[in-house]
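These notes concern the structure reproduced below.
The values are calculated or read from the model by the stated rules, or taken from the named source; none is laboratory data. Quantities reported herein were computed from a predicted structural model and do not represent experimental measurements. Note that we place each Cβ from the backbone using ideal geometry, even for glycine, and neighbour counts take in every protein chain shown. Accessible surface is based on the protein model in full, side chains and every heavy atom, while ligands, DNA and RNA are left aside. Shrake-Rupley method; radii C 1.70, N 1.55, O 1.52, S 1.80 Å.
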Amino acid sequence: QVQLVESGGGLVQPGGSLTLSCAASGRTFSPYAMAWFRQAPGKEREFVALITFSGGGTYYEVPMKGRFTISRDKAKNTLYLQMNNLKPEDTAVYYCASGSRSAGRLVASYDYWGQGTQVTVSS
């Protein structure tokens, strides 16, 4: 089993920054890729960004490109999401996910999920 625990969410003003973390544990943790998704109230879970865990290749959803940066620390089994110039429409619960065989923009590409961390962008 793999456990993913997100942290770092909170309330931030428009234009502000936050860094989310996702700590992974478990004997079977050996991801091909990890990703961040988010879900706003009343909306479906949507893809934010992914990173291949070994090679570090990244891919971003278009609205986040240039504002968000995904990274990982392989030694610490930790995933990060640096979010800059936050907007009210970025308000959502942010989830990290791990996939052992594939990477992609679909929820179904990932095997394990964290419990989520709330990000609220408001003045």
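Residue check: is ARG101 in a loop (DSSP other than H, G, I, E, B) and loosely packed, with under 12 Cβ neighbours inside 10 Å?
yes
Residues to consider are SER109, SER25; find the one that is surrounded by fewer than 16 Cβ atoms within 10 Å (Cβ to Cβ) and within 21 Å of GLN3 (Cα to Cα).
Matching residue, one of SER109, SER25: SER25.
Would you check which residues across the range 77-119 are over 12 Å from ALA49 (Cα atoms), at pLDDT below 95, touching a helix residue (DSSP H, G or I) at 6+ places or on another chain (Cβ under 9 Å) and not hydroxyl-bearing (Ser, Thr, Tyr) and list them?
GLY99, ARG101
Filter the range 9-22 for residues that are open to solvent by 50 Å² or more (accessible area, probe 1.4 Å) and aliphatic (A, V, I, L, M) and give the result.
Of everything in the range 9-22, just one residue is open to solvent by 50 Å² or more (accessible area, probe 1.4 Å) and aliphatic (A, V, I, L, M), namely LEU11.
For the range 34-80, which positions are among the aliphatic types (A, V, I, L, M), farther than 17 Å from THR117 by Cα and either assigned to a loop (DSSP other than H, G, I, E, B) or open to solvent by 70 Å² or more (accessible area, probe 1.4 Å) (or both)?
Answer for the range 34-80, where residues must be among the aliphatic types (A, V, I, L, M), farther than 17 Å from THR117 by Cα and either assigned to a loop (DSSP other than H, G, I, E, B) or open to solvent by 70 Å² or more (accessible area, probe 1.4 Å) (or both): VAL62, ALA75.
Take the residues of the range 81-98 that are more than 23 Å from GLY42 (Cβ to Cβ) and outside any strand (DSSP E or B): which is least open to solvent (accessible area, probe 1.4 Å)?
Checked the range 81-98; the qualifying residue least open to solvent (accessible area, probe 1.4 Å) is ASN84.
PRO31: surrounded by 13 or more Cβ atoms within 10 Å (Cβ to Cβ) and either outside any strand (DSSP E or B) or of a type in the set (Ser, Thr, Tyr) (or both), yes or no?
yes
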